[in-house]
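Below is one structure; the comments refer to it alone.
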Amino acid sequence: MQIVVQIRNGGFTGTAVDSHLIQRRLAAALDKLPITKVIMGWSTDATSYRDAAEWLAARGVDLYLWLPVFSELGSLANCSPVIGCFGDAPRKYQLDEDENFEFYCPNNPTNTDAVIDVWRSQFASIGFTGVFLDKIRYPSFVNGLDGGLTCFCARCRQTFTDAGVDVDKLLRDVDSLKTMGTPFGASQYADGHYRFDDDNWQRYFDTRCDIVFESLKSICTTLRADGCSIGLDVFAPFMSHFVGQDIRRLSTLADFVKPMMYAATAAPAGLPFEMGAMLNEIGVPRQPYCEIIGCDDSQTPFDLTFCARQIEQLRAHTRSPILPGIEINRIDGIAPTDTEYITRCLDTYSQSDGFVLSWNLLDAPDAHIDAVSKWLSRAG
């Protein structure tokens, strides 16, 4: 079983976390957990990475760079934003001073080139084992209705048209979304894929998955040529189709995939948070949608039995290891986790290939690490 931890050592523009603090927290965690990989990012402070890489290599632990792809890079490179259904770049979502969820068009070569430029100019010489690619998607409805419905730049309009999407009709139908009863008239859900009654919406969402896959394929090919293994950060399967992620296809590019199964998080990627944002922005009721996907909406904080089925279905249809991401950090008002929640999540995904303890070891209470250690001891 793989045990992976994530560390947020700062953003592209802020002050990097002190490398001695990172090493102390890692040493404490390694004393209790059989950690196989550490994901760290995305400060540009090379010293903190080099110190960590050397220290971890001596202990047989791989270090992956945590790198956002279609978001956040605008402070380091020239990036072209997505254009929403109302004709402008959608609003940002400012989680903290170093993370603003500003998204860039996955269909624009300027943006894929920017990822490689940032990798090679800032990180490639440091000695990472691999790269963990985050924000490999379109924005979600957390960025508003016009964030969830992107991109309509000239290039994307042409790509959609070539795929058989009637773009003008699609944009007209935005005004009547709430009359469809379910998100975009979704009538079926199975194994991470939706069936929409209107083929125009079907082609639109399917084409976005094609765009993201092809862009990621290009990026991953370059990173592998540079000697890197690849990890991917993806949405939970039931939300992934709405942000352009076909996880089955994306898994063919990766050495491991981390679905963000954040059942207690009131922030982007949090399961109740993302579902609520989508349903509220569209204006459709929760119950019909939950019935389609098979989720018990009465569960608090979220239906973990449904989540377990999500991971089981993924593992049945992918070759790459699937490592569910669970929140071990505690952030009041955003991730109000406790040891009972940590244990429930580990029980829920006990048949998985391992876990990514997310999304920041530095904010994880010692009791949470102890809970993981005790669970692993019981699990054998």
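Figures for the structure shown
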| read-out | value |
| --- | --- |
| Filter result for Ser350 (farther than 16 Å from Gln6 by Cβ, at pLDDT 95 or above and not in a helix (DSSP H, G or I)) | yes |
| Single residue of the stretch 230-267 satisfying the filter (in contact with a Cys (Cβ under 8 Å, 6 or more places away or on another chain), hydrophobic (A, V, I, L, M, F, W, C) and assigned to a loop (DSSP other than H, G, I, E, B)) that is surrounded by the fewest Cβ atoms within 10 Å (Cβ to Cβ) | Leu253 |
| Tally of residues being under 24 Å from Ile7 (Cβ atoms) and crowded, with 16+ Cβ neighbours inside 10 Å across the stretch 312-338 | 15 |
| Qualifying residue in the stretch 97-119 (condition: within 30 Å of Ala316 (Cβ to Cβ), among the aromatic types (Phe, Trp, Tyr) and under 21 Å from the mean Cα position of the chain (by Cα)) | no |
| Ser298 vs. criteria of a type in the set (S, T, N, Q) and surrounded by 15 or more Cβ atoms within 10 Å (Cβ to Cβ) | no |
| Flag for Ala316 being assigned to a helix (DSSP H, G or I) and either touching a Gly at 6+ places or on another chain (Cβ under 9 Å) or on the phi < 0 side of the Ramachandran plot (or both) | yes |
| In the stretch 107-151, residue farthest from Glu281 (Cα to Cα) [restricted to those that are in a helix (DSSP H, G or I) and charged (D, E, K, R)] | Arg120 |
| Residues that are polar (S, T, N, Q), surrounded by fewer than 23 Cβ atoms within 10 Å (Cβ to Cβ) and in contact (Cβ under 8 Å) with a residue 12 or more places away in the chain, drawn from the stretch 144-176 | Thr159 |
| Selected residue [buried (at least 17 other Cβ atoms within 10 Å of the Cβ), of a type in the set (Phe, Trp, Tyr) and within 20 Å of Trp201 (Cβ to Cβ)] from Phe132, Phe141 | Phe141 |
| Answer from Phe184, Phe160 - the residue that is more than 20 Å from the chain's Cα centre (by Cα), assigned to a helix (DSSP H, G or I), at positive phi and of a type outside the set (A, V, I, L, M) | Phe184 |
| Within the stretch 14-48, tally of residues that are surrounded by fewer than 19 Cβ atoms within 10 Å (Cβ to Cβ), of a type in the set (Gly, Ala, Ser) and in a helix (DSSP H, G or I) | 4 |
| Answer from Pro336, Pro365 - the residue that is within 21 Å of Leu30 (Cα to Cα) and modelled with pLDDT of 95 or more | Pro365 |
| The lone exception for Leu223 - which of (1) crowded, with 16+ Cβ neighbours inside 10 Å; (2) not β-branched (Val, Ile, Thr); (3) not in a helix (DSSP H, G or I) it fails | (3) |
| Sole exception among (1) in a helix (DSSP H, G or I); (2) at pLDDT below 95 for Gly11, by number | (1) |
| Options Thr318, Thr300, Thr305; residue that is under 19 Å from the mean Cα position of the chain (by Cα) and hydroxyl-bearing (Ser, Thr, Tyr) | Thr318 |
| Tally, over the stretch 335-347, of residues that are part of a loop (DSSP other than H, G, I, E, B) and acidic (Asp, Glu) | 1 |
| Arg137 of a type outside the set (S, T, N, Q), at pLDDT below 95 and touching a Gly at 6+ places or on another chain (Cβ under 6 Å) | no |
| The one condition in (1) touching a residue at least 40 places away in the same chain (Cβ under 8 Å); (2) of a type outside the set (S, T, N, Q); (3) closer than 20 Å to Thr222 by Cβ that Tyr104 fails to fulfil | (1) |
| Filter result for Gly325 (within 21 Å of the chain's Cα centre (by Cα) and free of Cβ contacts under 8 Å to residues at least 24 places away in the same chain) | no |
| Tally of residues being assigned to a loop (DSSP other than H, G, I, E, B) and either touching a Pro at 6+ places or on another chain (Cβ under 6 Å) or modelled with pLDDT of 95 or more (or both) across the stretch 268-300 | 8 |
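So that you can scan it fast, the table gives a plain yes or no per residue for (1) surrounded by fewer than 17 Cβ atoms within 10 Å (Cβ to Cβ); (2) in a strand (DSSP E or B):
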residue	(1), (2)
Trp55	no, no
Tyr64	no, yes
Phe86	yes, no
Tyr93	no, no
Phe101	no, no
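The values are calculated or read from the model by the stated rules, or taken from the named source; none is laboratory data. Since the structure is predicted, the reported quantities are computational estimates derived from the model, not experimental observations. Cβ: placed from backbone, ideal geometry, glycine included. Neighbour counts: every protein chain shown.
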